[in-house]
1. Among 98, 147, 59, 211, which comes first, second and so on when ranked by fewest other beta-carbon atoms within 10 Å?
2. If I take R0 = 25 Å and measure r between the Cβ atoms of residue 213 and residue 134 in this structure, what FRET efficiency does the formula 1/(1 + (r/R0)^6) give, to the nearest 0.05?
3. Based on the Kirkwood radius over alpha-carbon pairs, what value in µm²/s does the Stokes-Einstein equation return for the translational diffusion coefficient of the chain at 10 °C and 1.306 mPa s?
4. Could you list 171, 181 in order of exposure, starting from the residue whose Cβ has the fewest other Cβ atoms within 10 Å?
5. Divide by every residue of the chain the summed helix terms, -39500 (n - 2.57) for each DSSP H run of at least 4, and state the resulting mean residue ellipticity at 222 nm, rounded to the nearest 500 deg cm²/dmol.
6. Going by how many other Cβ atoms sit within 10 Å of their own, how do 5, 189, 79 line up, fewest first?
7. Could you check which residue among 97, 177, 138 shows the biggest mean-square fluctuation in a GNM of the chain with a 10 Å Cα cutoff?
8. Over the Cα atoms of the range 179-231, each weighted equally, I'd like the Debye log10 I(q)/I(0) at q = 0.15 Å⁻¹, rounded to two decimals.
């Protein structure tokens with residue numbers, strides 16, 4: 001039946017009657033399709049499935065999609081900020097302990113100060129920009145746009161794997177990181193979120209790619225659930 005996601009388009013407005021015989025393949029009525037969609041667990045994956053393949057529904061469910069994206073991103077952003085706060089506190093303690101009350105600075109204190117400082121810098125480097133949540137709408141729109149428009153990866157032709165260099169089997173495709181689709185360039189992603197290319201690479205690439213990977217996985221899981229429900233209905 002090809003990409004079963006495409007059947008969701010039949011639920012939108014149309015002047016063509018789709019729920020008649022379809023030339024030898026198992027007949028599925030619009031009611032069957034809607035029922036199969038109803039069997040997909042709620043959450044981010046289902047919202048993305050509708051947003052990408054049933055635009056009429058996604059326009060009505062924009063609030064649910066927004067809440068699902070926030071529910072994905074906010075916990076990770078909060079985790080990062082908490083880790084950064086702890087690292088800053090530890091560094092502050094180490095700094096304050098050096099030469100406490102006019103005493104001599106010990107080698108142990110110097111070591112602890114360097115360790116805490118290095119940890120703070122490492123944690124800071126892994127944190128997303130402070131205004132991530134404020135920019136989440138633009139980020140989400142760009143990620144969903146990439147999901148909707150991306151074609152098959154040229155390196156693996158959408159198979160997600162490629163022959164291993166040593167000829168012993170298959171490995172994850174390096175060109176698409178196993179997604180099966182061609183990634184957009186950093187320049188195009190920067191334009192999509194309203195940033196210049198250097199700002200994208202320096203600040204936004206980690207959060208963008210984190211969101212893209214998890215949103216693709218969620219949509220894929222929802223599509224698999226939809227496909228299983230359709231098979232039972234056929």
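Every read-out reported here was derived from the displayed coordinates using simple, explicitly stated rules and does not represent laboratory data. What you see is a predicted model; the values in this text were computed from it and never measured. As a convention, Cβ positions derive from the backbone with ideal geometry for all residues, glycine included, and neighbour counts pool all protein chains shown.
1. 59, 98, 147, 211
2. E(calc), rounded to 0.05, equals 0.70.
3. 75 µm²/s
4. In order of increasing Cβ crowding within 10 Å: 171, 181.
5. Value at 222 nm, helices only, nearest 500: -19000 deg cm²/dmol.
6. Least to most surrounded, the residues fall as 79, 5, 189.
7. For the chain, modelled as a Gaussian network with Cα springs under 10 Å, the answer is 97.
8. Debye output, listed in q order: -0.52.
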